[in-house]
Amino acid sequence: MSLKIFINGRLYDKEDAKISVYDHGLLYGDGVFEGLRSYGGKVFRLDEHLDRLYDSAKAIWLEIPLTKKAMADAVKQTLQVNGLVDAYIRLVVTRGAGSLGLDPNRTSDPQVIIIADKIQLYPPELYEKGLEIITASTQRNHPAALNARIKSLNYLNNILAKIEGLQAGCIEALMLNHKGEVAECTGDNIFLVHKGVISTPPTDAGILAGVTRQAVIDLAEQAGITVRQVPLTRHDVYVADECFLTGTAAEVIPVVKVDQRLIGSGEPGPISRKLQARFHELANS
Ligand code: PXG
């Protein structure tokens, strides 16, 4: 049976799920998206993802033609008709079809797309051994140009950094912000552990305010570990005892090498492991 895709209130077979080549989402990356995940049929932090989607849309003057409640129901419906329990969910809202010009006033209906599919995970052994990453020369978007808190369809900035990572044999790459501070990875937030204290860049460092990031901050604080949201440099990364990344797809994944330098002992550390386990429990609860 073909996967069913939700577009504007209707379900289409995957092969027939199409939108216009005049859509400004395609022509200009003019739209917003979310990547969510369901565990055992339950969507993890659905409200938080919807809040971010609607905030992203508001920031780009895009009115989503569905209430948040209707969107939540549509997400659940799409999961159900596809019989998916552990799934990846991609929510996309584009500006809609328009003329071949930038003017968003010439576009008609925004397109609301929901895809629910199997999730592509990092190889399982990396969760045990940890990742190696490099710093990309491509900096994160300047917040005054395109704020990274907007999860827009324009992801070229991150894709260019991802290519640099892949060319160096790494599946993730660290991006710095316009000030040269540590920002985040191409699709994951970054955390460091130093002398038992966790630090991560603040949301105004030009990063996406990750849903997993917040969940992990809460878990760490509940476990009595101090979490500081402070500007970080590459030096802080190099001298950290532990490093890990968080994201919807990655969950919590340890990093053991950055720019050829071993982090700590070169093995995933105890705090990373603990939060990995706690996150698993939370997501599957
Ligand atoms: N930073 C960036 C730039 C991201 O795109 C995260 C951090 C982590 O945020 P969450 O809310 O997921 O904890 C992301 C998330 C995909 C995909 O298929 C991308 C993300 C998440 C899931 C899937 O490209 N990015």
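Is segment 168-285 best put as rounded, prolate or oblate by its Cα gyration tensor, with a ≥ b ≥ c the root eigenvalues, rounded for a/c under 1.5, and otherwise prolate when a/b is larger than b/c, oblate when not? Each step should come with its number before you reach the end.
Values: a/c = 1.38, a/b = 1.24, b/c = 1.11.
In terms of gyration-tensor shape, rounded.
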Original post:
Which of 130, 177, 79 sits farthest toward the positive end of the charge dipole of the chain, with +1 on the Cβ of Lys and Arg and -1 on the Cβ of Asp and Glu?
Top reply: 79
Subject >> Once exposed loop chymotrypsin sites (Phe, Trp or Tyr not before Pro) are cut out (DSSP; at most 16 other Cβ, 10 Å), longest piece of the chain >> reply: 156-285
Subject >> Cβ charges +1 (Lys, Arg) and -1 (Asp, Glu), total dipole of segment 1-99, debye >> reply: 180 debye
**OP:** Would you please state which residues of segment 261-285 a label at residue 226 would reach in this model, taking the label point 7 Å out along Cα→Cβ and a backbone N cut-off of under 19 Å?
**Re:** 270-272
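Provide the three semi-axes, in whole Å and in decreasing order, of the ellipsoid equivalent to segment 4-117 as defined by the square roots of 5 times the Cα gyration tensor eigenvalues. All intermediate terms of the calculation are to be shown ahead of the outcome.
On the way: eigenvalues 122, 51, 21 Å².
Each semi-axis is the square root of five times an eigenvalue, giving 25, 16, 10 Å.
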**OP:** Note the angle between two axes, namely the Cα long axis of helix 46-59 and the longest principal axis of the Cα atoms of the chain, as a number of degrees from 0 to 90, rounded to the nearest 10.
**Re:** 70 degrees
Original post:
What figure in square angstrom, to the nearest 10, would you give for the accessible area of residue 178 with a 1.4 Å probe?
Top reply: 70 Å²
Original post:
If you average over every viewing direction, what projected area does the convex hull of the Cα atoms of the chain give, in nm²?
Top reply: 15.0 nm²
**OP:** Using the heavy atoms of the protein chains and a 1.4 angstrom probe, tell me the accessible area per residue for segment 124-283 in square angstrom.
**Re:** 42 Å²
Subject >> Estimated vicinal HN-Hα couplings, Hz - segment 274-280 in sequence order (Karplus 6.51, -1.76, 1.60; Gly, Pro = x) >> reply: 4, 6, 4, 5, 4, 5, 4
Subject >> Chain lengthening between residue 72 and residue 20 when straightened (0.36 nm per residue, less Cα-Cα) >> reply: 16.2 nm
**OP:** Convert each backbone phi in segment 242-257 into a coupling constant with the Karplus relation 6.51 cos²θ - 1.76 cosθ + 1.60 (shift: θ = phi - 60°), then list the ³J(HN,Hα) values in order as whole Hz, x for Gly and Pro.
**Re:** 8, 9, 8, 10, 10, x, 4, 7, 6, 6, 10, 10, x, 10, 10, 8
**OP:** May I ask you to give the percent of accessible area on the chain that is carbon plus sulfur, with a probe radius of 1.4 Å?
**Re:** 53 percent
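The values are calculated or read from the model by the stated rules, or taken from the named source; none is laboratory data. Please read all numbers here as calculations on a predicted model, not as lab measurements. Reconstructed Cβ throughout: ideal geometry from the backbone, glycine too, with neighbour counts over all protein chains shown. Side chains included, ligands, DNA and RNA excluded: accessible areas come from the protein's heavy atoms. Shrake-Rupley method; radii C 1.70, N 1.55, O 1.52, S 1.80 Å.
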